[in-house]
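The values are calculated or read from the model by the stated rules, or taken from the named source; none is laboratory data. Nothing here was measured: the structure is a model prediction, and the numbers come from that model. Neighbour counts are summed over all protein chains in view; Cβ atoms, including those assigned to glycine, are modelled from backbone coordinates with ideal geometry. The accessibility values were calculated without ligands, DNA or RNA, using every heavy atom of the protein model including side chains. Shrake-Rupley method; radii C 1.70, N 1.55, O 1.52, S 1.80 Å.
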Amino acid sequence: MEFISIFNDVMGPVMRGPSSSHTAGSYRIGRIARSLFGEQPSSVAFTFDPEGSYIKTYRQQGVDLAFAAGLMGWQITDERFFQALEFASKHGIKIEFNESSLDNPDHPNTVLIQMVSQSGQHLSLKAKSVGGGIVAISRLDNWPVNLSGKYYEIITELKKDAEPQVRDILESDDQTVNKPSEEVCGNMMLLCVQRLSALSPKVRCRLEKLPEVKNIREVRPLFYMKRGEALFSSAEEMVAKAESCGCSLGKIALNYESKLLGMTEKEALCEMLQRFDIMKASVLQGLNEQDLRMQLLRPCAKKIYEAEAKGKVALGGIHTRAAARAMAAMHVNNSMGIVCAAPTGGSAGVIPGVMCTLAEEKNLDAGKLAMALFAASAVGLIVAKRATFAAEVAGCQVEIGAAGAMAAAAVIEAADGSAQQAADAASIAFQNTMGSVCDLVQGMCEIPCHTRNAVAASNAFVCADLILGGYDNSIPLDETIDAVCATGKMLPQELRCTSLGGIAAVPSALSMPRIKKDN
């Protein structure tokens, strides 16, 4: 199993909305495909399975733009993002999107990519976006592979008799990590090696001179690389570790990440605060109604926020203000603006709504803010290890439900609660969203995602108060997450991000007019 990191897998990615699975994940697949190809393609065909999620959402959620941006090596935050297809065409890259049954599509977000260059090079690869922006390349031409973009990954096709010599060359500089993977077909072999650095020109030259080596491909990392070992793998271990160290959940999560990635704690704190700055900017942009381009909803967060301030709502208070801020961030997310997925694009409003509310109304300093975000991340780590962040696999409960559980832990941390209390608050938050379905109206993360983000943000405060007030949670977080994942996998395809069931299938949803056309 690939290592799980807060910055790689949980509190991020920093991306353009609306979906971490569909937008950020597709962008990363495009980047990896271009890296593997090694030159500019002249044509690229993307094929989606008719039973998968991609085919239902690829235009509405900017999948086409994300693939194009990745192929051209842009940053996903590039201002030219909305013109990515036009730029690709102008630069001689013909891109097409097709629908056809795929061989063994083991994930709803599976894509077959076929690339051709002007020099006549061909490359076919199968990839999947597995949730939260995390991706996997599962086939390269006819070879099974498992490429993730979490290391420098060197893929060498060679005659199998040359394997000892090739391996010695690849390992000669002590930069390899993990056990190399091997696939054999006849007298040929595919050797995949993960490294902490790129191949030097000298090493590459030595490989290329070997007549037994057919080709060498390289994937450059899109994530932080692993430099140490994980401190814990379950919520039970996590809480026990915090208690034995006499520290909070946020502190033990900070320790986890700094040791795993080889960062100083100061560096990790700075990185987390940079991500908070992106969250704060998205909330402010949504409340100010700047550069919003949603397709079904008109902006409403500002109206709700102002109505609460004027006493024009039933009760108001911190819960309503957090809800309005969550919706503001979702306005930006659904306008393909820049957000920090936490843990996904579809849930990108919950934690920004809660954290901006805590920061402003509880006067949290930078240190407190960072610790609350690390506490939230600690819960997300356990979800990533035991379950999934993909609504395509387990419904809305593992996206917005997970964000709500994470946010509840953040509130406990901000209130100086214990690691056990934070885990319990996350557990009861999850218990109350268990079974929630993903039923995107017209394939977009707007309805019902906006109000679900708002309610999850508000609910985080309620769950924290229940635990701090004395509620005794009987079902631990590990078992709750296991139950959530199992329940999600029982949901039919129609209720897992295909827009074929739930409110997505009612007449009003099907007939709802678009405010703007698809890209």
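Tabulated results
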read-out: Accessible area (Å², per residue) of the chain, counting only protein heavy atoms and a probe of 1.4 Å; value: 39
read-out: Binned Cα-Cα distances of region 58-114, short to long, each 10 Å bin given as a whole percent; value: 20, 49, 26, 5
read-out: Convex hull (Cα only) mean projected area of region 44-142, reported in nm² to one decimal; value: 6.6
read-out: Chain lengthening between N178 and E479 when straightened (0.36 nm per residue, less Cα-Cα); value: 105.3 nm
read-out: Heavy-atom accessible area order for E86, E392, E171, largest first, 1.4 Å probe; value: E86, E171, E392
read-out: Longest to shortest principal axis, alpha-carbon extents of region 206-252, angstrom; value: 59, 18, 16
read-out: V506 versus D168: modelled label distance in nm, points set 7 Å from Cα along the beta carbon direction; value: 7.0
read-out: Relative packing of peptides 495-501, 230-236 - highest average C-beta neighbours within 10 Å first; value: 495-501, 230-236
read-out: Efficiency of FRET between D277 and L196 - r from beta-carbon atoms, R0 25 angstrom, step 0.05; value: 0.30
read-out: Difference of contour (0.36 nm per residue) and Cα-Cα distance, L284 to E265; value: 4.0 nm
read-out: For the chain, fraction of C-alpha pairs farther apart than 46 Å, in %; value: 12
read-out: Cα-projected label distance for S124 with S89, points at 7 Å along beta-carbon direction, nm; value: 2.8
read-out: Added length on full extension, which subtracts the Cα-Cα distance from 0.36 nm per residue, E243 to V462; value: 76.4 nm
read-out: Paramagnetic label zone (point 7 Å from Cα along Cα-to-C-beta, R227; backbone N under 20 Å) in region 237-279; value: 251-275
read-out: Probe 1.4 Å - accessible area at C445, Å² to nearest ten; value: 10
read-out: Solvent-accessible area, 1.4 Å probe, carbon plus sulfur percent, for region 427-475; value: 58
read-out: Among 113-122, 147-156, the order from most to least packed when residues are scored by Cβ within 10 Å on average; value: 147-156, 113-122
read-out: Zone of Q493's modelled label, taken as backbone nitrogen in region 37-66 under 18 Å from a point 7 Å along Cα→Cβ; value: 47-58
read-out: Cβ-derived FRET efficiency at R0 51 Å, D472 paired with D78, nearest 0.05; value: 0.50
read-out: Cut-off 11 Å between beta-carbons: net charge of the residues surrounding S248, Lys and Arg +1, Asp and Glu -1; value: -1
read-out: Largest-first ellipsoid semi-axes for region 318-461, taking √(5λ) over the Cα gyration tensor eigenvalues, angstrom; value: 22, 18, 12
